[in-house]
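Visitor: Pasting a structure below so you can have a look.
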C-alpha cells in the first residue's frame with residue numbers, strides 16, 4: 001500500500017491518501033494535548049501504543065458486530081483504514097461519574113451509574129466541544145435523526161463489548177468517546193472511525209481506582225508512558 005499526500009493532521013494523528021481512493025493510512029503521533037489543546041506536550045511512544053491498542057479494540061468490536069473503518073495494522077505507528085466523511089458529533093458513553101460530568105453536576109468522581117449515560121458534543125476545539133442534543137445536531141446538519149439513533153445503538157453495543165473486555169483485565173471502563181463517519185465506498189454507511197485509546201477513554205484499575213489513561217497527563221500524575229505501555233500489554237496479551 002503506497003502512502004501519498006497528507007489529507008489531514010490533527011492533535012494526535014495524521015491521515016494520508018493511498019493508491020486506493022477508498023482507503024487511507026492513519027498515522028499516530030506522540031503529541032499529547034488536553035483541555036481542547038490548552039495543554040500541550042509529548043508522550044514518548046504514545047503513537048506506538050495507541051496504534052497497537054486501537055487496532056486490537058477495533059478488531060474486538062468488529063468481531064462482535066460493530067462495523068469500523070479499520071482494515072489492518074501496517075506498522076508500529078500506522079493502520080490502514082476506510083476513508084470516511086467524519087460527522088462533527090462526538091458520542092461520549094459514561095458508566096462512572098468522572099471528568100466534565102462530575103464538574104457539571106457537582107458530583108464526586110467515582111459514583112457508578114445505574115445505566116450508561118450518552119452525551120453528544122459538537123466537535124469544535126475553539127468552542128470547547130459544547131454539549132448538544134439530537135434536535136440541535138439534526139437542525140444544523142451535523143447528523144440526521146436516523147444517524148444519531150444508529151450512533152447511540154452502536155455506542156451502547158461498544159460499551160457492552162468493551163466493559164466485558166476490560167473487566168476481564170481488572171479494569172473499569174469509566175467513560176469513552178467515539179466518532180463516526182459516512183463511508184462513500186459503502187453507500188454512505190456509518191462506520192465507527194477515529195480511534196479507541198487511552199487518549200479518549202478513562203480506564204481505572206478495579207479496586208484501587210488508579211488512573212490508566214490520559215488523565216495521568218492532564219492531571220500531572222506521572223508515570224504516563226509506563227501506564228500507556230501497561231494498557232497496551234493488557235489489551236494485546
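No lab work stands behind these numbers, since they all come straight from the coordinates. Computed from a predicted structure; not experimentally measured. All Cβ positions, even for glycine, are placed from backbone atoms using ideal geometry, and neighbour counts span all protein chains on display.
Visitor: Only residues of region 192-234 count here: report those whose backbone N is under 12 Å from the spot 7 Å along Cα→Cβ of residue 62, or say none.
Guide: 192-193
Visitor: Please compute the length gained on full extension between residue 226 and residue 37, using 0.36 nm multiplied by the number of residues separating them and subtracting their Cα-Cα distance. Walk me through the numbers on the way to the answer.
Guide: Values: separation 189, 0.36 × 189 = 68.04 nm, distance 2.26 nm.
Working it through step by step, the gained length comes to 65.8 nm.
Visitor: Also, I was wondering about something else. Can you give the calculated 222 nm mean residue ellipticity of the chain, where each DSSP H run of n ≥ 4 adds -39,500 (n - 2.57) and the sum is split over every residue, rounded to the nearest 500 deg cm²/dmol?
Guide: -9500 deg cm²/dmol
Visitor: By its C-alpha gyration tensor, with a ≥ b ≥ c as the square roots of the eigenvalues, how is region 66-204 shaped: rounded for a/c under 1.5, else prolate for a/b larger than b/c, else oblate? Please report the intermediate quantities before stating the final value.
Guide: Working: a/c = 1.79, a/b = 1.17, b/c = 1.52.
Since a/c reaches 1.5 but b/c is at least a/b, the shape of region 66-204 is classed as oblate.
Visitor: Tell me, 218, 94, 103 in order of fewest to most beta-carbon neighbours within 10 Å? Before the final figure, lay out the partial values.
Guide: On the way: 218 17, 94 20, 103 10.
Lowest count first: 103, 218, 94.
Visitor: Would you mind ranking 182, 233, 219, 77 so that the residue whose beta carbon has the fewest other beta carbons within 10 Å leads the list? Walk me through the numbers on the way to the answer.
Guide: Numbers: 182 18, 233 13, 219 10, 77 22.
In increasing order of surrounding Cβ atoms, one gets 219, 233, 182, 77.
Visitor: What whole-number value in cubic angstrom gives the convex hull volume per residue for the C-alpha atoms of region 3-82? Spell out each step's value before the answer.
Guide: On the way: hull volume 8.0 nm³, N = 80.
Normalising the Cα hull of region 3-82 by residue number yields 100 Å³.
Visitor: Once a ≥ b ≥ c are taken as the square roots of the eigenvalues of the Cα gyration tensor of the chain, is the result rounded (a/c under 1.5), prolate (a/b larger than b/c) or oblate (a/b not larger than b/c)? Spell out each step's value before the answer.
Guide: Values: a/c = 1.44, a/b = 1.14, b/c = 1.27.
Since a/c stays below 1.5, the shape of the chain is classed as rounded.
Visitor: Continuing with this model, one more query. Who wins for biggest fluctuation among 117, 14, 107 in a Gaussian network model of the chain, springs between alpha carbons below 10 Å?
Guide: Largest GNM mean-square fluctuation: 107.
Visitor: Now a separate question. Label 7 Å along Cα→Cβ of residue 185; region 63-83 residues with amide nitrogen under 14 Å?
Guide: Correct set: 68-73, 79-83.
Visitor: Let me ask something else about it. Please arrange 27, 69 by counting, for each residue, the other beta carbons lying within 10 Å of its beta carbon, fewest first. Working shown, then result.
Guide: Values: 27 20, 69 25.
Fewest-to-most ranking of 27, 69: 27, 69.
Visitor: With labels modelled as points extended 7 Å from the Cα through the Cβ direction, what inter-label distance (nm, one decimal) is found for residue 208 paired with residue 86?
Guide: About 3.3 nm, to one decimal.
Visitor: Now for a different question. Estimate the FRET efficiency between residue 127 and residue 152 by the formula 1/(1 + (r/R0)^6), using the beta-carbon distance for r and 22 Å for R0, to the nearest 0.05.
Guide: Details: r = 22 Å, r/R0 = 1.02.
That pair, residue 127 with residue 152, gives E of 0.50.
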